[in-house]
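Report on the following structure.
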Amino acid sequence: MSQNKVSIKNKRASFEYEFIEKYTAGLKLYGTEIKSIRNGKASIIDGHCAFEGDELYVYNIFIDEYDKGGFINHLPKRKRKLLLHKRELDKLQKKLNDQGMTIVPTLMFISDSGYAKLNIALARGKKLYDKRQDLKEKDDKRRMDRAMKV
């Protein structure tokens with residue numbers, strides 16, 4: 001059985017944030033949501049994660065309604081529970097108390113076993129000069145690659 005390889009990236013996250021630690025979490029989804037993800041109709045660009053009690057949820061990720069869902073379709077921007085081990089949740093919750101730390105989704109994909117997974121990162125917001133430095137490094141790398149080809 002060949003799985004449809006789906007990977008939905010949050011390219012803006014690496015520009016806006018400096019990643020400290022990365023985790024892979026499962027998502028608690030409805031049936032119509034997983035079908036929409038397999039069709040590639042999702043976006044995680046505006047997403048962020050927050051704790052409610054001892055559970056971690058992801059907010060503002062958009063999963064389009066399934067075309068053939070009918071009246072049992074899901075809400076496109078509802079909060080979704082992330083599935084992590086208890087020790088990972090405790091570790092994240094302790095580190096989240098530091099100044100300027102947040103949890104952002106970086107990649108949504110379908111695992112080899114057919115489940116939807118979400119890569120999340122504990123991150124710190126970048127300052128404007130850090131963003132400029134990253135852009136300068138990318139431009140320099142691009143110029144060097146062009147010079148090597150010639």
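Here are a few things to note about the model shown:
- Peptides 91-100, 18-27 ordered by average Cβ neighbours within 10 Å, highest first: 18-27, 91-100
- Net charge of neighbours whose Cβ lies under 9 Å from the Cβ of K28, counting Lys and Arg as +1 and Asp and Glu as -1: +2
- When the charge dipole of the chain is built from unit charges on Cβ atoms (+1 for Lys and Arg, -1 for Asp and Glu) and taken about the Cα centre, the candidate among S14, A50, N60 whose Cα reaches farthest toward its positive end is S14.
- Cross-link reach is defined here as a Cα-Cα straight distance under 17 Å, omitting same-chain residues fewer than 8 places apart; for K149 the aspartates and glutamates meeting it are D139, D140.
- Under 27 Å from the Cα of K86 - lysines, other chains or at least 8 residues apart: K9, K22, K28, K77, K94, K95, K117
- Förster radius 22 Å - calculated FRET efficiency between E88 and K28, Cβ distance, rounded to 0.05: 0.90
- Taking a straight Cα-Cα cut-off under 15 Å and skipping sequence neighbours fewer than 8 places away in the same chain, the aspartates and glutamates within cross-link reach of K41 are E33, D64, E65, D67.
- The chain, relative contact order [Cα under 8 Å, separation at least 6], %: 32
- About its Cα centre, region 7-149 has a charge dipole of approximately 420 debye under the convention of +1 per Lys or Arg Cβ and -1 per Asp or Glu Cβ, with nothing else charged.
- Residue-averaged 222 nm ellipticity for the chain, from DSSP H runs of 4+ at -39500 (n - 2.57), nearest 500: -9500 deg cm²/dmol
- Overall form of region 26-122 per C-alpha gyration tensor (a/c, 1.5; a/b vs b/c): prolate
- Scoring 34-45, 6-17 by mean Cβ neighbours within 10 Å over their residues and listing the highest first yields 34-45, 6-17.
Where a number appears in this text, it was derived from the coordinates with a stated rule and is not lab data. Owing to the predicted nature of the structure, the values given are computational and were not obtained by experimental measurement. All Cβ positions, glycine included, derive from the backbone under ideal geometry; neighbour counts span all protein chains shown.
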